[in-house]
């Protein structure tokens, strides 16, 4: 079994604080970690910020130690994120169009046709702006050398955007940091989302009225329902549930008020055209009367198997080398890759192809032998249902533990918005997710992970 090193983002190997992290960490220590954590938690509680985990915890946990990213680092990360989303958007359009990438032998057809969220009924649909992806939320990590890597791509209904704002407000209210060490502001974050909605609106929508957008939610049963309400209020548009809408005359309308809805920011767990909601929206989508963020069918590109081919997509569609690499991913339907993965099984991370939120993931180097043996049998029996990734020891960051700071593993969920002209725009930073237990590598909020305010320095 290989031994992996860990990169700490605030402390160098000699135990000294890295210069870019010094002001933030010292401010936390001066304030008292326990007291600061309590004040941040109280601020979030009073604001009603919540996210329901799989274990029933409805609080949203924010660690008060900010994660600081240098301006130099962010230049490369920003370029890489924009490049990746351009390629993924081109892939989705190609999937529901000519499939040039399959004809060229770059991506096997089974990667598309067996993807859980491939939607044949979306073939021939042309989104208003040409963008299938309105908002992308990628999962980015740093390995033992400090290199940035993309772990997963989230293109259906990525959550976390409003929580970035909540973390910034809660932490900045209680942390005293010298102005030269403060991060870039999040001003304009709602403008990015509003521009994405505008770009997704069908041309000519509205007629005698201004185009109407709406945030579509499952209601209080959705784990990120607080975020849905915050987004609707910030945008000044209605928050609606499926029961509030209907299709009349080929257009989506508010059932009670009767006004037409021209573009929907869909934040429901209903991700399939075959779902009742999808069947409702399909007619106005296909006749060009409705814009949607994100389009049904984008899930074909955030399928875990598609992840193995994103670097090839960048080369095929953009003619460029990846700025940020993907975490190496095995296509286990390929016999040679399956054989290699089985040889290295105890060193890999195994993920159900259709899984999400960290459910069903086996981190083989940290798992019990009987669990490794069980999953190995499942992979051997049905390799196409799994993907394997090289183990990446996620970077760590000092995090409040009692009245001290201790290293906890983190990742980053940055957000990319597709505005007018299909040009990706990247919000500075993102939502840093942090594992709250010592040694834990699953950082998802749905698995009781927490978050950090993410600072990008000017």
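Quick check on region 229-267: of everything there that is in contact (Cβ under 8 Å) with a residue 24 or more places away in the chain and part of a loop (DSSP other than H, G, I, E, B), which residue is surrounded by the most Cβ atoms within 10 Å (Cβ to Cβ)?
The extreme case among them is 262.
Select, from 326, 382, the only residue that is closer than 23 Å to residue 149 by Cβ and either surrounded by fewer than 14 Cβ atoms within 10 Å (Cβ to Cβ) or in contact with a strand residue (DSSP E or B) (Cβ under 8 Å, 6 or more places away or on another chain) (or both). Walk me through it before giving the result.
Values: 382 fails: closer than 23 Å to residue 149 by Cβ.
Step by step, each of 326, 382 is checked, and only 326 is closer than 23 Å to residue 149 by Cβ and either surrounded by fewer than 14 Cβ atoms within 10 Å (Cβ to Cβ) or in contact with a strand residue (DSSP E or B) (Cβ under 8 Å, 6 or more places away or on another chain) (or both).
For region 1-40, name all the residues that are at pLDDT below 95 and under 26 Å from the mean Cα position of the chain (by Cα).
Within region 1-40, 4, 5, 6 meet the criteria.
When only residues in region 141-152 that are modelled with pLDDT of 95 or more and touching a helix residue (DSSP H, G or I) at 6+ places or on another chain (Cβ under 7 Å) count, which is farthest from residue 4 (Cα to Cα)?
For region 141-152, the residue satisfying everything is 150.
Looking only at region 393-413, filter to residues that are outside any strand (DSSP E or B) and out of contact with any helix residue (DSSP H, G or I) (no Cβ under 6 Å at 6 or more places or on another chain); which one of those is modelled with the lowest pLDDT? Explain how you work it out, then say what you get.
Taking region 393-413 and keeping what is outside any strand (DSSP E or B), we get 393-395, 402-403.
Okay, now just the ones that are also out of contact with any helix residue (DSSP H, G or I) (no Cβ under 6 Å at 6 or more places or on another chain), so 393-395, 402.
Working: 393: 92, 394: 94, 395: 97, 402: 86.
The qualifying residue modelled with the lowest pLDDT is 402.
Please indicate, with yes or no, whether at least one residue in region 418-431 is surrounded by fewer than 21 Cβ atoms within 10 Å (Cβ to Cβ), over 27 Å from residue 82 (Cβ atoms) and at pLDDT below 95.
No.
Residues of region 1-34 being assigned to a helix (DSSP H, G or I), exposed (fewer than 13 other Cβ atoms within 10 Å of the Cβ) and without any contact (Cβ under 8 Å) to a residue 60 or more places away in the chain, which ones? Working first, answer last.
Within region 1-34, the subset assigned to a helix (DSSP H, G or I) is 19-31, 33-34.
So of that shortlist, the ones also exposed (fewer than 13 other Cβ atoms within 10 Å of the Cβ) come out as 19, 30.
Correct list: 19 only.
For region 199-213, check the following and say yes or no: at least one residue is touching a helix residue (DSSP H, G or I) at 6+ places or on another chain (Cβ under 7 Å) and modelled with pLDDT under 95. Step through it out loud before you land on a result.
We begin by selecting, within region 199-213, every residue touching a helix residue (DSSP H, G or I) at 6+ places or on another chain (Cβ under 7 Å); these are 199, 213.
Filter again for modelled with pLDDT under 95, leaving 199.
Yes, because at least one residue in region 199-213 is touching a helix residue (DSSP H, G or I) at 6+ places or on another chain (Cβ under 7 Å) and modelled with pLDDT under 95.
If we keep just the residues of region 92-131 that are buried (at least 19 other Cβ atoms within 10 Å of the Cβ) and in a helix (DSSP H, G or I), which is farthest from the chain's Cα centre (by Cα)?
Result: 101.
Name the single residue, out of those in region 45-71 being touching a helix residue (DSSP H, G or I) at 6+ places or on another chain (Cβ under 6 Å) and at pLDDT 95 or above, that is farthest from residue 171 (Cα to Cα).
By that ranking, first place goes to 70.
Condition test on residue 278, is it assigned to a helix (DSSP H, G or I), under 17 Å from the mean Cα position of the chain (by Cα) and buried (at least 16 other Cβ atoms within 10 Å of the Cβ)? Steps first, please.
Details: assigned to a helix (DSSP H, G or I): yes; under 17 Å from the mean Cα position of the chain (by Cα): no; buried (at least 16 other Cβ atoms within 10 Å of the Cβ): yes.
So residue 278 fails the test.
For region 63-80, state whether one or more residues are within 22 Å of the chain's Cα centre (by Cα), under 29 Å from residue 218 (Cβ atoms) and part of a loop (DSSP other than H, G, I, E, B).
No, there is no match, as no residue in region 63-80 is within 22 Å of the chain's Cα centre (by Cα), under 29 Å from residue 218 (Cβ atoms) and part of a loop (DSSP other than H, G, I, E, B).
The values are calculated or read from the model by the stated rules, or taken from the named source; none is laboratory data. All values reported here derive from a predicted model rather than from experimental measurement. When we count neighbours, we look across all protein chains shown, and the Cβ atoms used for this are built from the backbone with ideal geometry, even at glycine.
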